[in-house]
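Trainee: This structure is in structure tokens; I'll ask about it shortly.
The values are calculated or read from the model by the stated rules, or taken from the named source; none is laboratory data. Everything numeric in this text was worked out from a predicted model, so none of it was measured. Cβ placement follows ideal geometry from the backbone for every residue including glycine, while neighbour counts extend to all protein chains displayed. Side chains are part of the model used for accessible areas, which takes the heavy atoms of the whole protein and leaves out ligands, DNA and RNA. Shrake-Rupley method; radii C 1.70, N 1.55, O 1.52, S 1.80 Å.
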Amino acid sequence: MKFYSITDAPITIYGLAVKDAGKRQFYKLTEDMLEKMPRYDYLGRRTAGGRVRFVTDATKLVIRMTLACTKEDINIPLSGSAGADVYLGIGQQSRFIGYIAPKEHVQEEISVEKEFDLSGEKEVVTINLPRNDHLLGMEIGVEEDALLEEAPEYTVAEPIIFYGSSITEGGCASRAGNAYTSIVCRWLDADYCNYGFSGSAKGEPVFAEFIAGLENISALVYDYDHNAPTPEHLEETHEAFFKIIRKAKPDLPVLMMSRPDLKDGVEDAAKRVEIIRRTYQNALDAGDKKVWFLDGRSFFGEVGREECTVDGTHPNALGFMRMAEKIYPVLREILLEKN
């Protein structure tokens with residue numbers, strides 16, 4: 001077998017701001033933002049939303065992965081918190097072939113290795129990186145005589161930006177590719193960055209400025225109301241967050257969403273939905289034609305709603321699939337309209 005670090009050409013890493021195999025650093029946030037926002041110090045060093053992508057005609061694929069530790073998350077199995085999963089192909093024809101994850105929770109560095117069978121035909125391979133635990137390294141192994149090429153550019157090459165709560169981050173998907181962000185962008189064959197932060201994203205102006213400063217992005221989806229401690233906090237921050245980004249990017253498509261559950265009661269949820277809807281309506285009234293709104297209360301549907309979460313808040317695989325089925329056509333419309 002011949003092994004490549006995921007930072008070696010022709011392998012490409014998407015969705016991460018820091019990609020340094022030498023320092024063993026793979027972070028979704030820039031080091032500058034980690035310094036500006038200590039709140040994100042641990043969460044910003046996660047690889048949620050990160051992907052490895054390449055083309056091979058190998059019949060055997062070996063993945064070696066090293067994590068800093070595997071912190072226990074009561075709501076997520078190790079396949080979801082510390083696992084990387086593998087897909088072949090692109091778009092809605094993508095096929096899941098398995099995952100790699102440690103078999104136990106440990107408080108120290110841990111390495112795992114797994115072999116996957118491939119067809120021997122040239123195919124795009126996408127590896128979704130772990131949500132929770134910090135990645136220190138990953139190597140890809142194929143037979144000595146196997147082809148390894150750079151993957152074709154995403155159909156939607158300019159990334160979609162997601163900003164929001166632990167749900168946005170992928171909690172509590174049973175594996176990385178089950179998060180709604182991953183499902184939707186896989187179906188769209190779209191690059192994306194996942195700025196979901198468990199309990200921490202609260203509509204801070206500095207994060208709006210960070211997004212406003214990003215170049216060549218295709219759309220923004222934001223749904224952080226789960227992390228707003230009160231409806232009053234959401235009201236103080238939601239439209240202000242949008243306006244910072246809109247001032248810098250007048251033509252950027254923006255999808256505003258509310259959370260998918262009713263954990264804090266119908267009245268509280270209704271208040272939050274109306275605050276978000278008001279930001280959307282005010283933009284429309286001001287002549288903004290690049291805004292969309294989705295009421296998250298509809299995401300889980302009416303039948304089987306109680307089966308869509310792990311704990312009444314965080315979606316399981318069924319909940320994330322139902323979210324993806326509602327969000328995908330809207331994002332597809334947004335991207336088609338843009339182009």
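Trainee: What pairs can you find where one residue is in segment 179-196 and at negative phi and surrounded by 23 or more Cβ atoms within 10 Å (Cβ to Cβ), the other is of a type in the set (Val, Ile, Thr) and not in a strand (DSSP E or B), and their Cβ atoms are less than 6 Å apart, with a gap of 6+ or different chains?
Mentor: What qualifies is Val184/Ile327; Asn194/Thr181; Gly196/Thr168.
Trainee: Need pairs with beta-carbon distance below 7 Å; first residue modelled with pLDDT of 95 or more and within segment 22-40, second basic (Lys, Arg) and part of a loop (DSSP other than H, G, I, E, B); sequence gap 6+ or separate chains.
Mentor: Within 7 Å, the pairs are Lys28/Arg46.
Trainee: Moving on. Sort out which residues of segment 62-85 are aliphatic (A, V, I, L, M), closer than 8 Å to Ala101 by Cβ and open to solvent by less than 10 Å² (accessible area, probe 1.4 Å), and write them in order of number.
Mentor: Once the filter is applied, which keeps residues that are aliphatic (A, V, I, L, M), closer than 8 Å to Ala101 by Cβ and open to solvent by less than 10 Å² (accessible area, probe 1.4 Å), segment 62-85 yields Ala82, Ala84.
Trainee: A further question follows. Sort through Asp225, Asp288, Asp251, Asp268 and tell me the only one that's crowded, with 21+ Cβ neighbours inside 10 Å and acidic (Asp, Glu).
Mentor: Asp225
Trainee: In segment 73-90, is there at least one residue being polar (S, T, N, Q) and assigned to a strand (DSSP E or B)?
Mentor: No.
Trainee: Identify, please: which residue in segment 7-43 is closer than 21 Å to Cys185 by Cα and not in a strand (DSSP E or B) and is, among those, nearest to the chain's Cα centre (by Cα)?
Mentor: Among residues in segment 7-43 that are closer than 21 Å to Cys185 by Cα and not in a strand (DSSP E or B), the one nearest to the chain's Cα centre (by Cα) is Gly15.
Trainee: Between Ile127, Ile140, Ile161, Ile211, which is over 20 Å from Asp295 (Cα atoms), modelled with pLDDT of 95 or more, surrounded by fewer than 23 Cβ atoms within 10 Å (Cβ to Cβ) and not aromatic (Phe, Trp, Tyr)?
Mentor: When all the criteria are applied, what remains is Ile211.
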